[in-house]
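The structure appears below as structure tokens.
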Amino acid sequence: MSSEWPLWEVFIRGQHGLNHRHVGSLHAPDAELAMKHARDVYTRRNEGVSIWVVPSAQITASAPSEKGPLFDPANAKVYRHPTFYDIPDEVGHM
Amino acid sequence: MYAQMVKSEATNDDPEMLAAFQARIDAGERIEPKEWMPEGYRKTLIRQIGQHAHSEIVGQLPEGNWITRAPTLERKAILLAKVQDEAGHGLYLYCAAETLGVSRDDLTEQLLSGRMKYSSIFNYPTLTWADIGAVGWLVDGAAIMNQVPLQRTSFGPYARAMVRICKEESFHQRQGYDLIRKMAEGTAEQKAMAQDALNRFWYPSLMMFGPSDKESVHSAQSMAWKIKINTNDELRQKFVDQTVPQAQFLGLTVPDEALAWNEDKGGWDFSEPDWNEFYEVLKGNGPCNVERIEARQKAWNDGAWFRDGLMAHAKKRDARRQAAQMAAE
């Protein structure tokens, strides 16, 4: 009858004003306990001000094999970067 | 080390894929779980990270032994925090291993059945309070030697777990040194206890790095894959060079008559530990092997109703919530 507790991914906001960041994963029977475990496992030294826990099974990830088709289109668009444009020195900082 | 004598697994992959993989490693790229990797790389890492995780978990036992008998409330709180950290380290590492496709329960069962090992060092008993100092100072000190370079290991989740662990490990070593320093500066009897702890833990600590692996093919493969960064001898030398002056500061004597400063190599010459003893401990014949696995087995068995109960409760609550939702719609 034994079944392993499901896996959860843990995200922590390190300080006010920063994004939540993935810090690792853990097993827990439900969201409430996942939160408590995350507190014990990942914030024993004031590492955070907020925790998100998400069932790992709920995450959709891009496949490594799609890396090319997914990201290459952006490579071709150099004009999206400010350095693409020459601004004459006389104009000053822009 | 925490992962001793990890044999690299043979790989039966396409040579071209292997070459491309090696090129990524050589370029310093990190390998992430879902990316292609040679079967040997995957299996060796599962064994290495698993063994490392098991060591953290079993490593709680010799120290946990003293929590109820710590001499002051402050020392007790410190020891509790340290042992809790070890549990955390085990959990970070189990999660890293699981990204390679092995389940937590499978890892646990392999530990309990003896198919996976943990570090030889945790098969030695902690007989006196001074031993708790020696464990922090020497055992965690030796662990740090190995773990600091592993922060640059090629497998992303392992490297990231190591970063977290190293941050916390420094507290472990310093509290141990602080503890044994109190003893070494105490009464003659306390100083004798500190010396006795050093006498008993010195060689087992040197064994943690494993036997010389200069000629080992397994080691060469693991180093090429950057899942092992230094040879065992390099790390052992570094550990001795770091630790001898620390012992001298305490006025304690390293139990090695051959210990001598070698100007040419800029390091200490020292005696090898008894490798027969090491192999015996690995085979299960150390002073505490049976006790350690029995304790883990008991915890696993006694916790079964609790793990299952919480799971059943979560499922029941989920079902109730779903039913309520259906009724509302």
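Points to keep in mind about this one:
- Among the conditions (1) among the acidic types (Asp, Glu); (2) open to solvent by less than 60 Å² (accessible area, probe 1.4 Å); (3) more than 14 Å from every other protein chain (Cβ to nearest Cβ), the only one that A:Asp72 does not satisfy is (2).
- Of the numbered criteria (1) assigned by the TED database to the domain that holds B:Gln175; (2) charged (D, E, K, R); (3) more than 22 Å from B:Ser170 (Cβ to Cβ); (4) surrounded by fewer than 16 Cβ atoms within 10 Å (Cβ to Cβ), the one B:Lys7 fails is (1).
- Near pairs, Cβ below 9 angstrom, 6+ apart or cross-chain, from the stretch B:162-191 (open to solvent by 50 Å² or more (accessible area, probe 1.4 Å)) to any residue that is among the basic types (Lys, Arg) and part of a helix (DSSP H, G or I): B:Phe171/B:Lys82; B:Glu185/B:Lys191; B:Gln190/B:Lys182
- Scanning the stretch B:89-121 for residues that are surrounded by 22 or more Cβ atoms within 10 Å (Cβ to Cβ), hydroxyl-bearing (Ser, Thr, Tyr) and either touching a Cys at 6+ places or on another chain (Cβ under 6 Å) or within 12 Å of chain A (Cβ to nearest Cβ) (or both) yields B:Tyr92, B:Tyr94.
- Total residues in the stretch B:160-192, condition more than 21 Å from B:Val139 (Cα to Cα) and aliphatic (A, V, I, L, M): 1
- Some residue of the stretch A:52-61 being more than 30 Å from B:Glu168 (Cβ to Cβ) and either exposed (fewer than 10 other Cβ atoms within 10 Å of the Cβ) or at pLDDT below 90 (or both): yes
- When restricted to residues that are farther than 27 Å from B:Ile227 by Cβ and assigned to a loop (DSSP other than H, G, I, E, B), the stretch B:125-155 contains 4.
- Consider the stretch A:5-29 and keep the residues that are over 14 Å from A:Gln58 (Cα atoms) and of a type in the set (Gly, Ala, Ser). The one that is farthest from the other protein chains (Cβ to nearest Cβ) is A:Gly17.
- Residue check for B:Glu86: at pLDDT below 95, surrounded by 18 or more Cβ atoms within 10 Å (Cβ to Cβ) and part of a helix (DSSP H, G or I): no
- Under the condition of being at pLDDT 95 or above, open to solvent by 20 Å² or more (accessible area, probe 1.4 Å) and not in a helix (DSSP H, G or I), the residues counted in the stretch B:45-69 number 1.
- Complete set of residues in the stretch B:10-44 that are crowded, with 18+ Cβ neighbours inside 10 Å, within 14 Å of another protein chain (Cβ to nearest Cβ) and not in a loop (DSSP other than H, G, I, E, B): B:Phe21, B:Ile31
For every residue, the table says whether it meets (1) open to solvent by 100 Å² or more (accessible area, probe 1.4 Å); (2) more than 14 Å from chain A (Cβ to nearest Cβ).
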position	(1), (2)
B:Trp268	no, yes
B:Tyr279	no, yes
B:Glu291	yes, yes
B:Lys298	yes, yes
B:Asn301	no, no
B:Gly309	no, no
B:Lys316	yes, no
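- Check on A:Gln58, more than 13 Å from chain B (Cβ to nearest Cβ), over 21 Å from B:His313 (Cβ atoms) and within 16 Å of the chain's Cα centre (by Cα): no
The values are calculated or read from the model by the stated rules, or taken from the named source; none is laboratory data. From a predicted model like this one, the values you see are computed outputs, not experimental measurements. Cβ coordinates were reconstructed from backbone atoms using ideal geometry, including for glycine residues, and neighbour counts include every protein chain displayed. Note: accessible area is taken over every heavy atom of the protein model, side chains too, but ligands, DNA and RNA are not part of it. Shrake-Rupley method; radii C 1.70, N 1.55, O 1.52, S 1.80 Å.
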